[in-house]
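In what follows, a single structure is set out as structure tokens and then discussed.
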Amino acid sequence: MPDVNLIIDGQAVSVPAGTNLVDAARTVEVAIPVFCYHPKLKPVGMCRMCLVEVYTARIDPATRQVVMGPDGLPQLALMMNKLQPACVTPVSEGMVVKTTTEKVKFAQRGVLEFLLTSHPLDCPVCDKGGECPLQNLTMQWGPEVSRFDYSDKVHFEKPIKLSDVIYLDRERCILCSRCVRFQDDIAGDEVLGFDNRGRSWEIISKSEPGFDSKFSGNTTDICPVGALTNADFRFRSRVWEVRSTPSICTHCSVGCNLSLDARHNSLMRVMPRENDDVNEIWLCDKGRMGMRFVESATRVTTPLVRQHGKLVAASWDEALTRIASNLSQIAAKGNGQVAGMMSDSASNEDLYAFRKLITDTFQSTSLDHRPGAVTDVAIDEAIITAGVGMGTSLLSLGKGTAVVVLAADVEEEAPLYVLRLRGIKNRGGVVHVVNSFATKLGTSASSDTRIKAGSEAAYANAFLKLVLEAQVASGFDRRVRNLDDVRNQLSKLLLDTLLEHAGVSRAQLQKVVDAYMAASNAIIVYGRTALQIGASVTQTMANAAMATGKCGKANNGLIALTTGANTFGAVSLGVRPGKDGAAANEFWARAEAGTLRGLLVVGLNPAANNPAAVEGLQTIAKHGFLAVQTMFMNETAELADVVLPQMAIAETDGTITNAERRVQRFRIAMAAPAAMHPTWQVCAQIAERATVATPASKNATAVLSNWNYAVTSDVTDEVAQNNPRYAGVTYTSLDLSINSWGRQANESVYYDGTSYTNTEGNGVQLKTVADDAGAALTVVYSPPVEFEPKGEFGLLMQTPVRAYNGGTWSIDSKLGSRQVAAHVLISSADASRWNISAGDAITVASPIGSSTLPAQIDKNIAAGHVLMPDVAGAPVHLALGAYTRVAIRRAE
Amino acid sequence: MSLRQTHGAEIDAILALYPHKRSAILAVLYIAQDAYGQLSDAAIREVAEILDATVTDVFEVVGFYTLLYDDKVGKVVLQVCDDVPCAFCGAEELVGTLESKLGIKSEETTADGLFTLQRVKCLAACNRAPVLQANLDYHGELSTPEKVDELLSQLRTRIANNDNISISGRKATL
Ligand code: SF4
Ligand code: SF4
Ligand code: FES
Ligand code: FES
């Protein structure tokens, strides 16, 4: 469609048809004041702040023809003979708009005077003061005095709790409905509404618990007044006193951009920072309110070494020397007896240095980023080849896009993706969810297929079969290798058998396949269950993407909701088992066998909920050496010979790689509570003290020169040099910003809320294998893994992710009350079969043990299916993988 | 007993009228209001459950409409128009008569739980002023205490016989 031309305040404007006048005016830096309009929400015209004069061609009522003036041009007339709300008035050809006339100013003064009739004017104690649209607009457009009687103001009880984290001050509310519309349209949690009318109109939430949404904090950003405030920031500081530091959230794989706002050296608040390619302008509540652990008094602040059986404070030098000499001695025995494990939420720099320390200095390939449980996910190779292509931007997707979400609970695993995927659907795309249990995203998806527990691989193979059939007509991607083998193997699987196994009809599956095939942009998202099952789901779905050429280009390919904030970094920078090396969940057996004697653990707590790991760690500590770097004392650190304090993300800098392989920078927001070093530096210091013989030069000490880093970016540069996938990723390239949606200086506050403008860079997306035009794409057949209940263990148990899992992030968080307590979810059918009521203690037995915990009953679960959410305190060690055969009974 | 148990067939018949369950929100609220004599928190949640609607949405509807009562009302709600034309024709006297006969003030309910008295604005029946509606049935020209007596005794008989009593006005004839 051609652009529409109009004149706004004397300037020629050309914008796409359908643009409203507020947005059109912004393209020529004319700021029309708004309250209820928000660029991410549908306009509703509720507040009348945006009234302007709009002139359109005069129509003769008799002839219905445009009246021509003497100059031969159409005569203009004030539209409907009155002011028009700019936010709900679309542009039209030849329109003339005036935003600064006396008439407009009169209206603006009137609207503000009216809004203030019942406003408490308690700015001096209002958290919004200083970044409040009502303050700003009143200063700029409002009347100096009010004609209304002060004593006539409506009064309400001062803030009421909508939830434990969100407070509502009804006197301040201007009833713009931004919060309600955000919850309904963007978050999809319809938990806010209006009660009563007239002067008693007020916002209510009647969900149980109140304001039950994982995205509630965003309403405090877009609320144009101080009516909604969050418990995390209330009365902490004035907003102009804080120093803002750009950072990244590391609580999940989304990698939301945020700002850490500190006063002196103390964290005041966490705010979203815009990045259209990641979080737009939003944050989930976990990201916003899960950063208090940084300042917890229980942080480990000094190195500890074991003396006479007890951990006592020591100097860094002593602790590092102990680690270096002990691990050196063990390494010197050969056969890779040292191992390392490090969290996949650590920075690329830390992961890289750690890998280097273990493989180069200590000569071992036993390295992992997983916590060493039987339920550890498989390493996902498919994503390196067929991840979404370079230049992918979910925000640009709508009509013509199909997203298939398989074996993932998006809201629990990577909350922000719910908003982004819902956005694709709201813009006209389709989102098909396929999962073994009900998920929040499913309720607002285009379709929500419930497959039988344990049938994910069967579904994936059936999907691939139909996709390959459909592709025959148009021919396969010419870069694909090994296709015949895959087709041959697949032909041995009967579609009907697969469908029956999955409990899905052919039509149900066909609908998803058709949408996938027809889409010009096709994305497959999979999550924890898929990653736990491994290649038979992940590789199989990748095969579909490769064979159809739906990868290796922007907006097509796979997205894995990985376990950590930087799993891609951990895998591609080598923090994974190498040749002859053990995976983390094999460490414990090696420890018992005496072939693993030294272990360095960074940022993980393998001993939590894992008796096998506890035994292994004890053996290592007893006969060898265990060193742990951690922020908090935990089950693993208790067993260690040396404990080192670890820095929190707010205290250090570096880069991390998110689920879409976008590398992003985070910076130092505050000083650590005590003298500490980032992990890359700790690795360098250990390496410098180590005395391991390298195979090349026996008896020589480790080479010092290649640990020559002064600042973090030195490591970043080396990562880029040594890892082709990271080529070109430097602090400088990461800092290049795309100014995404045309905010103008200082107006963001009232235009779209208090999220921060991104001036620090949108990050760099790494290439996949398929992004190289010449790369061969090898499809690999992976037979469906089957999970069948058997004998006395007649049910299948899954251990799904919960966002509010009681992890480190929850320490001192205001979200405390939302943490999920350990429990088991069973179906109504099984509940009545075993005579179990909600809240009853039940015993869950798997082939390796049993445990008792409270039951909850979920009518959406199929009979025979059991869910034990993976939260702090849950006996997830009973699980043997993605699915585990279990028996349940009422506990005596 | 839940509404499903007491009014299941009626509710199903209403739900069948609409392509979306939530379109039946007012009709089902009327049933709930008649069954419980008010729309309590629990009643509203029950309706939300029946309609598969978000709880907050149902509360919004109840909050918006003045004929959906969240506080307990009597078996018959008397709503007297006190707008200008009715006021000229004796609305205040009518209110006064009712208050003294019922022994309550407006916006109150009689101790026996039979009547609630309310003042409302124009009922669009000015030609019959002074006018009130009793459970949404119009009664006009109530210009003398005798007429009021007659109306009240009529209503008492109906209440005693449980003859078409519905505070939601589902039995109203006009
Ligand atoms: S609470 Fe804030 S966002 Fe919600 S309606 Fe009131 S002023 Fe608007
Ligand atoms: S979605 Fe993930 S990355 Fe974003 S704020 Fe929430 S936890 Fe952090
Ligand atoms: S009416 Fe246009 S911004 Fe509110
Ligand atoms: S004024 Fe009473 S009915 Fe109109």
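Please give the direction-averaged projected area of the C-alpha convex hull for segment A:538-590, in square nanometres with one decimal.
5.4 nm²
Could you order peptides A:68-77, A:34-43, A:665-674 by the average number of other Cβ atoms within 10 Å of their residues, highest first?
So the order, starting with the most tightly packed, is A:34-43, A:665-674, A:68-77.
How are the C-alpha pair distances of segment A:74-120 spread across 10 Å bins, as whole percents from the shortest bin up?
Here the calculated profile for segment A:74-120 is 20, 47, 24, 8, 1.
Counting only other chains, and only Cβ atoms inside 10 Å, what mean value do you get across the residues of B:50-60?
The shielding value for this peptide is 5.
List the pair-distance distribution P(r) of segment A:552-650, using every Cα-Cα distance, as the percent of pairs falling in each 5 Å bin from 0 up to the bin containing the longest distance, rounded to whole percents.
Histogram of Cα-Cα distances, whole percents per bin: 2, 12, 19, 20, 19, 13, 6, 4, 3, 2, 0.
Under a plain spin-label model, where a point goes 7 Å from the Cα along Cα-to-Cβ, how far apart in nm are A:ASN488 and A:ASN708?
In this crude spin-label approximation the distance works out to 5.4 nm.
If you plug each phi of segment A:816-826 into the Karplus form 6.51 cos²θ - 1.76 cosθ + 1.60 with θ = phi - 60°, what whole-Hz ³J(HN,Hα) values come out, in order, with x for Gly and Pro?
Karplus values, whole Hz, x for Gly and Pro: x, 5, 8, 4, 7, 7, 4, 6, 10, 9, 10.
Farthest toward the dipole's positive end in the protein assembly as shown, which of A:ALA770, A:PHE211, A:ALA822, given Cβ charges of +1 (Lys, Arg) and -1 (Asp, Glu) about the Cα centre?
A:ALA770
Students often check this: by mean Cβ neighbours within 10 Å, which of B:146-158, A:108-120, A:445-457 ranks highest, and how do the rest follow?
Descending mean neighbour count gives A:445-457, A:108-120, B:146-158.
Using only the alpha-carbon atoms of segment A:388-561 as identical scatterers, what base-10 log of I(q)/I(0) does the Debye formula give at q = 0.08 Å⁻¹?
Normalising to I(0) and taking log10 leaves -0.21.
I'd like the interface area for chains A and B: accessible area of each alone minus the complex, both sides summed, 1.4 Å probe, protein heavy atoms only. What is it in Å² to the nearest 100?
Approximately 1000 Å² gets buried when A meets B.
In µm²/s, what is D for segment A:1-77 at 37 °C and 0.692 mPa s, where D = kT/(6 pi eta Rh) by Stokes-Einstein and Rh is the Kirkwood radius from Cα pairs?
Rounded to a whole number, D works out at 227 µm²/s.
Subtract the Cα-Cα distance of A:LYS158 and A:LYS42 from 0.36 nm times their separation in residues, and report this length gain in nm to one decimal.
Stretched fully, the A:LYS158-A:LYS42 segment lengthens by 38.7 nm.
For Cα pairs less than 8 Å apart in space and 6+ apart in sequence, what is the mean separation divided by the residue count of segment A:531-634, i.e. the relative contact order in percent?
Relative CO of segment A:531-634 lands at 19 percent.
Pop out the Kirkwood hydrodynamic radius of the protein assembly as shown from its pairwise C-alpha distances, inverse of mean 1/r, in Å to one decimal.
32.8 Å
Rolling a 1.4 angstrom probe over the protein heavy atoms, how many square angstrom per residue are accessible across chain A?
Heavy-atom SASA per residue in chain A reads 37 Å².
Enter the mean number of other protein chain beta carbons within 10 Å of the beta carbon of each residue in A:190-201, as an integer.
4
Rounded to the nearest whole Å², what accessible area per residue is found for chain B with the 1.4 Å probe?
The answer is 50 Å² per residue.
May I ask you to evaluate 6.51 cos²θ - 1.76 cosθ + 1.60, the Karplus curve with θ = phi - 60°, for each residue of segment A:291-301 and list the ³J(HN,Hα) values in order in whole Hz, giving x for glycine and proline?
10, 5, 4, 3, 9, 5, 5, 8, 4, 6, 10
In terms of modelled amide H atoms, which long-range or inter-chain residues lie less than 5 Å from the amide H of A:ILE8?
Amide H neighbours of A:ILE8: A:VAL13, A:VAL97.
Distance in nm between label sites at A:LYS103 and A:SER146, each 7 Å beyond Cα in the beta-carbon direction?
For the pair A:LYS103/A:SER146, the computed spacing is 2.9 nm.
Output the Kirkwood hydrodynamic radius of chain B, Cα pairs only, in Å rounded to one decimal.
Computed over Cα pairs of chain B, the Kirkwood hydrodynamic radius comes out at 17.1 Å.
Apply the Karplus parameterisation 6.51 cos²θ - 1.76 cosθ + 1.60, with θ equal to phi minus 60°, to every residue of segment A:779-790 and state each ³J(HN,Hα) to the nearest whole Hz, in sequence, with x for glycine and proline.
The phi angles translate into 8, 10, 6, 9, x, x, 7, 10, 10, 10, x, 9 Hz.
Within segment B:65-105, list the residues whose amide N lies under 18 Å from a label point set 7 Å along Cα→Cβ of B:THR157.
Within reach of a label on B:THR157, which here means backbone N under 18 Å from a point 7 Å along Cα→Cβ, segment B:65-105 contributes B:76.
When the helix-only estimate is applied to chain A (DSSP H runs of n ≥ 4, each -39,500 (n - 2.57), divided by the residue count), what is the mean residue ellipticity at 222 nm, nearest 500 deg cm²/dmol?
-7000 deg cm²/dmol
Once the cut-off is 14 Å, how many percent of the Cα-Cα pairs in segment A:248-288 end up in the long-distance tail?
42 percent
Once amide H atoms are built 1.01 Å from N in the peptide plane, which residues 5 or more positions from A:VAL30, or in another chain, come under 5 Å H to H?
none
For B:LYS171, give me every one of the lysines with a C-alpha distance below 18 angstrom, ignoring sequence neighbours fewer than eight places off in its own chain.
B:LYS171 reaches B:LYS75.
Once you have the alpha carbon radius of gyration of segment A:152-295, what is it after dividing by 2.2 N^0.38 Å, with N set to its residue count?
1.07
So, R0 is 41 Å and r is the distance between the beta-carbons of A:SER850 and A:SER296; what FRET efficiency does that work out to, to 0.05?
For A:SER850 and A:SER296, the calculated efficiency is 0.75.
From the Cα trace of segment B:76-160, what convex hull volume per residue do you get, rounded to a whole Å³?
74 Å³
Over what distance in Å are the Cα centres of segment A:382-411 and segment A:163-223 separated?
Measuring centre to centre over Cα atoms gives 31 Å.
Dipole size in debye (nearest 20) for segment B:38-146 around its Cα centre, Lys and Arg Cβ +1, Asp and Glu Cβ -1?
300 debye
Under a Cβ-only charge scheme (Lys and Arg +1, Asp and Glu -1), can you give me the dipole magnitude of the protein assembly as shown about the Cα centre, in debye to the nearest 20?
So the dipole magnitude of the protein assembly as shown works out to roughly 1380 debye.
Can you compute the modelled spin-label distance between B:ALA9 and B:ASP149, with each label point 7 Å from Cα toward Cβ, in nm?
Computed distance between label sites B:ALA9 and B:ASP149 equals 4.3 nm.
Quick check on packing: order A:862-870, A:565-573 by the mean number of other C-beta atoms within 10 Å, highest mean leading.
Top of the packing list down: A:565-573, A:862-870.
Would you please give the residues with an amide H less than 5 Å from that of A:GLY654, counting only those at least 5 places away or on a separate chain, with H modeled from the backbone geometry?
Counting only residues 5 or more places away or on other chains, the set is A:PHE666.
Per the Kirkwood formula on distinct C-alpha pairs, the Rh of segment A:795-890 is how many angstrom?
In segment A:795-890 this quantity evaluates to 13.6 Å.
The values are calculated or read from the model by the stated rules, or taken from the named source; none is laboratory data. Remember, predicted model here, so these are calculated numbers, not experimental data. In this analysis, Cβ positions are derived from the backbone assuming ideal geometry, glycine residues included, and neighbour counts consider all displayed protein chains. Calculation scope for accessible area: heavy atoms of the full protein, side chains included, ligands and nucleic acids excluded. Shrake-Rupley method; radii C 1.70, N 1.55, O 1.52, S 1.80 Å.
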